[in-house]
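Participant: Got a structure for you, questions after.
The values are calculated or read from the model by the stated rules, or taken from the named source; none is laboratory data. This one's a predicted model, so the numbers in the text were calculated from it and none came from an experiment. Heads up, the Cβs are rebuilt from the backbone with ideal geometry, glycines too, and the neighbour counts pull from every protein chain shown. Please note that ligands, DNA and RNA were not included when accessible areas were found on the heavy atoms of the full protein model with its side chains. Shrake-Rupley method; radii C 1.70, N 1.55, O 1.52, S 1.80 Å.
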Amino acid sequence: MPIALLAPRLRLARVKLASTISREFASGEVVIALPYPPELEKQLNLYSKGLINWTRLKLSLRNLYGDFYRSWLWVEEPLLRAMPVIGAKVKCYGSRASEYTKRGGDLAVLAFKARARGEINLEEWRKVVEGRPLLEPGPYDVVVSSAPMEGFENRDLWGLPYPPSEALGSSPLTREAVLEYVDYVFNYIVKSRNLDEAYLRWLEERKGVRAPELWRLLELVSR
């Protein structure tokens with residue numbers, strides 16, 4: 001049975017994923033399924049084989065994501081950089097890049113409406129956050145995901161509460177999950193330098209969990 005390694009979309013979590021995959025799955029040809037747009041699959045496989053360099057890969061990402069390029073890469077860079085070290089064959093099973101960027105814009109509009117006007121139409125939110133691509137069990141050694149997957153051996157690598165942004169994809173979507181996400185966006189993401197700082201502040205203030213070792217690691221991986 002293929003393994004699904006679970007972790008939230010945070011740079012710190014990607015560091016842990018990269019370390020685990022490099023340690024446990026680097027023998028022989030490993031096939032890794034990543035929640036990235038299918039348009040990136042060819043370039044990622046070329047990069048993993050050493051046929052294009054990091055600069056060329058970043059150019060492909062910039063062309064795909066436009067204004068979302070920097071924020072997306074901030075999270076995913078540690079895992080991407082591990083691919084040539086592992087020599088992995090990559091399968092991309094995420095939404096297309098255009099759908100990803102549209103979803104980001106739609107979520108921003110909905111979050112603003114909820115914050116400014118108190119408007120929360122759960123049906124509108126469901127249309128944006130549900131219906132993402134699913135991955136059927138196949139010839140993969142490991143799959144990276146932020147939520148448990150049917151047909152896989154699920155292993156949570158994070159071990160801490162996930163940020164509210166991850167709960168939006170759960171079913172059924174609740175008003176409480178939306179309110180928590182809106183609070184997270186305006187009181188943490190907007191007021192922080194990056195997603196990981198926002199998460200660590202939220203973890204301390206909303207969940208009462210102090211993680212000084214993660215703050216130290218964030219300082220290192222932010223350089």
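Participant: In the Gaussian network model of the chain, springs joining C-alpha atoms below 10 Å, which of Leu122, Leu34, Leu73 carries the largest mean-square fluctuation?
Facilitator: For the chain, modelled as a Gaussian network with Cα springs under 10 Å, the answer is Leu122.
Participant: When the chain is treated as a GNM, springs tying every alpha-carbon pair under 10 Å, which of Ala116, Ala167, Ala13 comes out with the largest mean-square fluctuation?
Facilitator: Ala116
Participant: Please state, as a whole number in µm²/s, the translational diffusion coefficient that the Stokes-Einstein equation yields for the chain at 10 °C and 1.306 mPa s, with Rh defined as the Kirkwood radius across alpha carbon pairs.
Facilitator: Numbers: Rh = 18.4 Å.
It diffuses with D of about 87 µm²/s by this estimate.
Participant: In Å², and per residue, what accessible area does the chain have when probed at 1.4 Å with the other protein chains present?
Facilitator: 52 Å²
Participant: So what are the radius of gyration and Dmax for the Cα set of the range 8-69, in Å?
Facilitator: Using the Cα atoms of the range 8-69, the pair Rg, Dmax is 12.9, 37 Å.
Participant: What do the square roots of 5 times the Cα gyration tensor eigenvalues come to for the range 1-116, in whole Å, largest first, as semi-axes of the equivalent ellipsoid?
Facilitator: 27, 17, 12
Participant: Run the numbers for Lys49 and Phe186: contour at 0.36 nm per residue of separation, minus the present Cα-Cα distance, in nm. Write down the numbers at each step before the final one.
Facilitator: Values: separation 137, 0.36 × 137 = 49.32 nm, distance 4.10 nm.
Additional length available on full extension: 45.2 nm.
Participant: What does the C-alpha gyration tensor say about the overall shape of the range 126-223? Classify as rounded when a/c is under 1.5, otherwise prolate if a/b is larger than b/c, or oblate.
Facilitator: oblate
Participant: Same structure, new question: Say R0 is 22 Å: what FRET efficiency, to the nearest 0.05, do Arg210 and Trp158 get from their beta-carbon distance?
Facilitator: 0.85
Participant: While we're here: Quickly work out the Leu179-to-Asn194 label distance, labels modelled 7 Å from Cα along the C-beta direction, and quote it in nm with one decimal.
Facilitator: 3.3 nm
Participant: Scan the range 138-223 for GluC sites (Glu not before Pro) in coil per DSSP, keeping those whose Cβ has at most 16 other Cβ atoms within 10 Å, and list them by number.
Facilitator: Answer by residue number: Glu150.
Participant: Right, here's the next one. At 222 nm, what helix-only mean residue ellipticity would the chain give, in deg cm²/dmol to the nearest 500, using -39500 (n - 2.57) for each DSSP H run of four or more?
Facilitator: Values: 10 runs with 118 residues, N = 223.
Taken over the chain, the calculation gives -16500 deg cm²/dmol.
Participant: First compute the accessible area of the range 1-114 with a 1.4 Å probe, then give the percent of it belonging to carbon and sulfur atoms.
Facilitator: Taking all protein chains in place, the range 1-114 shows 53 percent carbon and sulfur surface.
Participant: Right, something else. Taking 0.36 nm per residue of separation and subtracting the Cα-Cα distance, what length does fully extending Glu130 through Lys113 add? It would help to have the intermediate numbers written out before the result.
Facilitator: On the way: separation 17, 0.36 × 17 = 6.12 nm, distance 1.92 nm.
Full extension of this stretch gives 4.2 nm more.
Participant: According to the square roots a ≥ b ≥ c of the eigenvalues of the Cα gyration tensor, what is the shape class of the range 131-180, taking rounded for a/c under 1.5, prolate for a/b larger than b/c otherwise, and oblate for the remainder?
Facilitator: Note, shape of the range 131-180 comes out oblate.
Participant: Continuing with the same structure: Which of these, Gly131, Gly94, Gly105, has the largest mean-square fluctuation under a Gaussian network model of the chain (Cα springs below 10 Å)?
Facilitator: So, out of Gly131, Gly94, Gly105, the one fluctuating most is Gly131.
Participant: Could you work out the pair-distance distribution P(r) of the range 104-147 from its alpha-carbon pairs, with 10 angstrom bin width and percents rounded to whole numbers?
Facilitator: In whole percents, the pair-distance histogram is 21, 38, 21, 16, 4.
Participant: If a paramagnetic tag sat 7 Å from the Cα of Ser71 along the Cα-Cβ line, which residues of the range 154-189 would have the backbone N under 14 Å from that point?
Facilitator: What the label zone holds, given the 14 Å backbone N cut-off, is 165-166, 182, 184-189.
Participant: Need the C-alpha centroid separation for the range 74-104 versus the range 1-53, integer Å.
Facilitator: Centre-to-centre distance over Cα atoms comes out at 8 Å.
Participant: Within the range 85-119, report the trypsin sites (Lys or Arg not before Pro) that DSSP leaves as loop and that have at most 16 other Cβ atoms within 10 Å. Can you show the working numbers first?
Facilitator: Numbers: sites: Lys89, Lys91, Arg96, Lys102, Arg103, Lys113, Arg115, Arg117; in loops: Arg96.
Sparse-neighbourhood loop trypsin sites (Lys or Arg not before Pro): Arg96.
Participant: Can you give the FRET efficiency to the nearest 0.05 for Ile120 and Asn63, using r as the Cβ-Cβ distance and R₀ = 25 Å?
Facilitator: That gives a FRET efficiency of 0.10.
Participant: Work out the length of the dipole vector of the chain about its Cα centre, built from +1 on the beta-carbon of each Lys and Arg and -1 on the beta-carbon of each Asp and Glu, and round it to the nearest 20 debye. Display every interim value, and only then the final one.
Facilitator: Working: 33 positive and 28 negative charges, 154 e Å.
For the chain, the charge dipole is close to 740 debye.
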